[in-house]
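Everything on this sheet refers to the single structure shown next.
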Amino acid sequence: MKLKGEKQESSANNEDSKGKMTPMLALVALISAFGSSFQYGYNVSVINSPAPYMQDFYNQTYLDRNGEPMSSDFQTLLWSLTVSMYPLGGFFGSLMVWPLVNNCGRKGTLLLNNLFSIGAAILMGTSELAKTFEVIIFSRVIMGIYAGLASNVVPMFLGELSPKNLRGAIGVIPQLFITVGILVAQILGLNIILGSAEGWPVLLGITGIPSLIQLLTLPFFPESPRYLLIQKGNEEQARQALQKLRGWSDVDDEIEEMCQEDRSEREEGQFTVFSLCTFRGLRWQLISIIVMMMGQQLSGVNAVFYYADRIFESAGVEKKNVQYVTVSIGAINVVMTLLAVFIVESLGRRILLLAGFGLCCVSCAVLTVALNLQSTVSWMSYLSIVCVIVYIIGHAIGASPIPFVMITEMFLQSSRPAAFMVGGSVHWLCNFTVGLVFLYMEAGLGPYSFLIFCAICLATIVYIFFIVPETKNKTFVEINRIMAKRNKVEIQEDKEELKDFQAVPGGQAGKKGTSSSEL
């Protein structure tokens with residue numbers, strides 16, 4: 001029987017090898033994020049630059065069909081649908097997460113999801129040729145479904161592949177590629193590249209290329225070892241997948257930890273969304289992800305981008321050059337998210353969440369003052385620019401990337417798909433709501449609308465400070481034990497389960513099994 005001290009010594013000796021970013025792990029992270037997360041970001045901003053040319057196409061198509069131009073109200077409605085169908089599709093995609101990842105696996109879901117993207121890209125790319133704007137609106141829904149699945153499945157997949165000491169850094173990579181996608185769409189959408197009357201169908205159509213690359217390459221990489229062992233019960237395949245990912249053969253400790261997690265929750269089976277919402281043992285985890293997701297989307301990030309153009313114009317930037325300033329903001333977003341990849345494991349999740357929302361909160365408050373005074377105080381327009389940049393930095397290091405990392409870490413295998421389904425649905429519903437409501441808010445409140453975002457950021461900070469634990473460098477079971485105290489449920493060490501666990505093939509003798517009547 002392996003003693004506890006011997007086990008710790010073995011873990012210490014192996015930690016350097018297990019904790020390294022191997023080529024296999026790096027490649028699967030990059031291919032998953034480029035093939036899926038990149039397109040989420042790309043399609044967020046791809047229609048911004050060519051909007052006038054696309055609206056001209058809508059009007060011309062209507063004129064050719066009916067012999068008269070469409071009314072301005074109808075054109076506004078069509079364009080609102082083109083923009084808003086994307087987050088609505090994202091919501092529908094989030095609702096598909098639970099059944100797909102449980103039946104097709106994490107990798108299988110990503111591969112299947114590519115069909116949505118490739119199909120939508122072909123439709124959008126040929127829409128001008130076919131002289132139909134309805135196809136563009138329909139394709140935006142399909143791309144939304146794709147993005148809804150991708151935004152949830154990629155963090156789940158990479159979180160389950162990663163060793164615990166790299167889980168945060170690898171978990172931020174999807175958000176990094178979302179920001180890269182936004183930046184690439186902004187660059188390609190410049191008037192001198194594809195943001196023109198001739199170029200916009202190509203701009204919309206090339207979104208299928210990353211999906212095609214992922215469809216051809218991802219099959220050669222392993223499925224999530226946790227899915228294979230805990231949900232499929234295939235320890236041998238899980239062991240082989242782990243050995244490929246870690247780059248060495250001794251993966252007994254991780255297999256052992258997965259078996260412990262499996263036994264600790266075997267009584268409950270797979271959680272549905274309903275059972276997750278009614279289960280006392282996961283109450284605070286569920287509330288936490290809902291609060292963080294609402295805070296992420298309702299903190300005013302869309303409003304800041306909306307105001308950015310006029311803020312820079314008021315500071316003296318010429319209208320024709322504003323698009324280049326927008327690209328520079330996108331570049332800041334990428335750089336700061338890249339910074340988060342490198343600091344999340346040293347500073348921890350809580351610090352980045354608190355600092356990120358804190359910067360957003362202060363920026364919104366100061367921006368309210370600056371926007372109100374910039375007509376009377378000349379230098380206030382420059383303060384507004386500083387506020388925008390500080391806000392983007394805050395969102396990029398904490399509010400954007402960390403909530404998805406926390407969903408992966410705060411839930412065990414049986415409840416994680418349902419948790420992502422809830423978190424993703426809240427994410428996309430809030431995104432859709434802000435898109436609908438903000439223009440009315442802006443019309444009614446003007447710059448004072450940022451005070452609402454300031455209050456939301458502050459409320460999120462208070463919640464995170466008092467409720468959300470630090471999850472850095474902890475196993476999923478250890479995090480669950482921390483949250484069990486918050487939920488006022490007990491985890492008991494069961495000697496009978498310990499005996500059973502020693503008999504499990506591949507399980508290491510002497511490893512404690514955990515059980516709980518309520519976890």
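The values are calculated or read from the model by the stated rules, or taken from the named source; none is laboratory data. Every value quoted in this text rests on a predicted model; they were computed, and no experiment measured them. Note: ideal-geometry Cβ built from the backbone for every residue, glycine included; neighbour counts use all protein chains shown. With ligands, DNA and RNA removed, areas are computed over all heavy atoms of the protein, side chains included. Shrake-Rupley method; radii C 1.70, N 1.55, O 1.52, S 1.80 Å.
Values computed for the structure shown
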{"quantity": "Condition broken by GLY233, with the remaining ones in (1) in a helix (DSSP H, G or I); (2) not assigned by the TED database to the domain that holds GLY108 satisfied", "calculated": "(1)"}
{"quantity": "Candidate set from region 398-456 (those that are aromatic (Phe, Trp, Tyr) and buried (at least 21 other Cβ atoms within 10 Å of the Cβ)); member that is farthest from ALA484 (Cα to Cα)", "calculated": "PHE450"}
{"quantity": "Residue in region 152-161 that is hydrophobic (A, V, I, L, M, F, W, C), under 28 Å from ALA340 (Cβ atoms) and open to solvent by 10 Å² or more (accessible area, probe 1.4 Å) present", "calculated": "no"}
{"quantity": "Criterion violated by MET96 - all others in (1) touching a Gly at 6+ places or on another chain (Cβ under 8 Å); (2) open to solvent by less than 40 Å² (accessible area, probe 1.4 Å); (3) over 23 Å from ILE209 (Cα atoms) satisfied", "calculated": "(2)"}
{"quantity": "Output for region 288-311, where each listed residue is touching a Phe, Trp or Tyr at 6+ places or on another chain (Cβ under 9 Å), open to solvent by 50 Å² or more (accessible area, probe 1.4 Å) and within 28 Å of GLY168 (Cα to Cα)", "calculated": "ASN302"}
{"quantity": "Some residue of region 58-73 being crowded, with 19+ Cβ neighbours inside 10 Å, more than 28 Å from the chain's Cα centre (by Cα) and touching a residue at least 40 places away in the same chain (Cβ under 8 Å)", "calculated": "yes"}
{"quantity": "Which listed residue, of GLY89, GLY108, is in contact (Cβ under 8 Å) with a residue 12 or more places away in the chain and open to solvent by 10 Å² or more (accessible area, probe 1.4 Å)", "calculated": "GLY108"}
{"quantity": "Condition check for ILE209: assigned by the TED database to the domain that holds SER363 and surrounded by fewer than 16 Cβ atoms within 10 Å (Cβ to Cβ)", "calculated": "no"}
{"quantity": "Lone qualifier among ALA241, ALA185 - being surrounded by 15 or more Cβ atoms within 10 Å (Cβ to Cβ), small (Gly, Ala, Ser) and within 25 Å of GLY159 (Cα to Cα)", "calculated": "ALA241"}
{"quantity": "Selected residue (only one of LEU229, LEU276, LEU286 is over 22 Å from the mean Cα position of the chain (by Cα) and hydrophobic (A, V, I, L, M, F, W, C))", "calculated": "LEU229"}
{"quantity": "Residue among GLY41, GLY19, GLY5, GLY35 that is closer than 23 Å to PHE404 by Cβ and modelled with pLDDT under 70", "calculated": "GLY19"}
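Rundown of residues vs (1) part of a helix (DSSP H, G or I); (2) buried (at least 17 other Cβ atoms within 10 Å of the Cβ); (3) in the same structural domain as SER45 (by the TED database); (4) among the basic types (Lys, Arg), yes/no style:
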| site | (1), (2), (3), (4) |
| --- | --- |
| GLU313 | yes, no, no, no |
| VAL317 | no, no, no, no |
| LYS320 | yes, no, no, yes |
| THR326 | yes, yes, no, no |
| LEU339 | yes, no, no, no |
| LEU352 | yes, yes, no, no |
| GLY356 | yes, yes, no, no |
| LEU371 | yes, yes, no, no |
